[in-house]
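Q: Handing you this structure, nothing more for now.
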Amino acid sequence: MRPQFSLIIFILLSINVFGQTIQSWNTINVKGKLSDKFQIAVEPESRFSDKLEYFHLDFGLIYLLNKKFKIGGYYREIFEIKSELRVREIRPHIDIFYTVSRSFKIRICNEYQIKELTNNNWRIRFRPTYKLNINKWFFPFIQTEPFFNAKGFTRNRFNIGPGFVIDKFWLKPGYMLQTDLKNKRVKQTHIFWINAGIIFN
């Protein structure tokens, strides 16, 4: 894997950056236990620059294979503003979650993008997350998430921030650097986000 990531880094450093923007993202995660093996998940998310540009609503059913493995089937509805036009997207996806240790987790997302019911695209996302468990309520974390489609590497999201847990409620404010690769050029977006969640057992 090291040579592949080295190649990606070399590409990103050797081509021109053609734009940088700043956004804020706000996400709420709600999970509920249906049984010892099944959970449901709901996630609304809004994204802003100077105005609302994006909103999605995600529904999922998660199956717990064992203490380390989970797999979820999801349906996402997206409304986005692009060039002053509203674009609708449907995005079914299957997520695999693997807990390596108490501090290290991996999520693999296989998603199929259906834009305006005509423009379709498949891609896979790989997101390892490392968190430092300071105590039972505070955990700084760092994660990266490269995106790939049939043509290869297209995007990376680098996240860092503190995490807080109070009983069944958690809060993760943070900073994200999103790097997009398109037509051999790079666009970077600086994102300040708040991710809040609650789990019902």
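Q: What's the number of the condition THR99 fails, among (1) surrounded by fewer than 13 Cβ atoms within 10 Å (Cβ to Cβ); (2) more than 24 Å from LEU57 (Cα to Cα)?
A: (1)
Q: Which of the residues spanning the stretch 25-59 are farther than 19 Å from TRP170 by Cα and in a strand (DSSP E or B)?
A: Within the stretch 25-59, PHE38, ARG47, PHE48, LEU52, GLU53, TYR54, PHE55, HIS56, LEU57, PHE59 qualify.
Q: What number of residues in the stretch 67-76 are closer than 12 Å to PHE97 by Cα, at pLDDT 95 or above and not hydrophobic (A, V, I, L, M, F, W, C)?
A: Residues flagged as closer than 12 Å to PHE97 by Cα, at pLDDT 95 or above and not hydrophobic (A, V, I, L, M, F, W, C) within the stretch 67-76 amount to 4.
Q: Can you tell me how many residues within the stretch 39-87 are exposed (fewer than 13 other Cβ atoms within 10 Å of the Cβ) and hydrophobic (A, V, I, L, M, F, W, C)?
A: 4
Q: Right, something else. Could you tell me whether GLY163 is surrounded by fewer than 18 Cβ atoms within 10 Å (Cβ to Cβ), closer than 26 Å to GLN39 by Cβ and modelled with pLDDT of 95 or more?
A: So GLY163 fails the test.
Q: Can you name the strands (runs of 3 or more DSSP E) wholly within the stretch 99-201 that have at least 3 residues being touching a residue at least 60 places away in the same chain (Cβ under 8 Å)?
A: It comes to 169-182, 185-200.
Q: Please specify each residue of the stretch 34-47 satisfying the condition of being modelled with pLDDT of 95 or more and of a type outside the set (Val, Ile, Thr).
A: Matches in the stretch 34-47: LEU34, SER35, LYS37, PHE38, GLN39, ALA41, GLU43, PRO44, GLU45, SER46, ARG47.
Q: Can you tell me which of PHE158, PHE139, PHE147, PHE153 is surrounded by 14 or more Cβ atoms within 10 Å (Cβ to Cβ), at pLDDT 95 or above, over 20 Å from PHE59 (Cα atoms) and touching a helix residue (DSSP H, G or I) at 6+ places or on another chain (Cβ under 9 Å)?
A: On inspection, the qualifying residue turns out to be PHE153.
The values are calculated or read from the model by the stated rules, or taken from the named source; none is laboratory data. Given the structure is predicted, the values throughout are model-derived calculations rather than measurements. We place every Cβ from the backbone using ideal geometry, glycine too, and count neighbours over all the protein chains shown.
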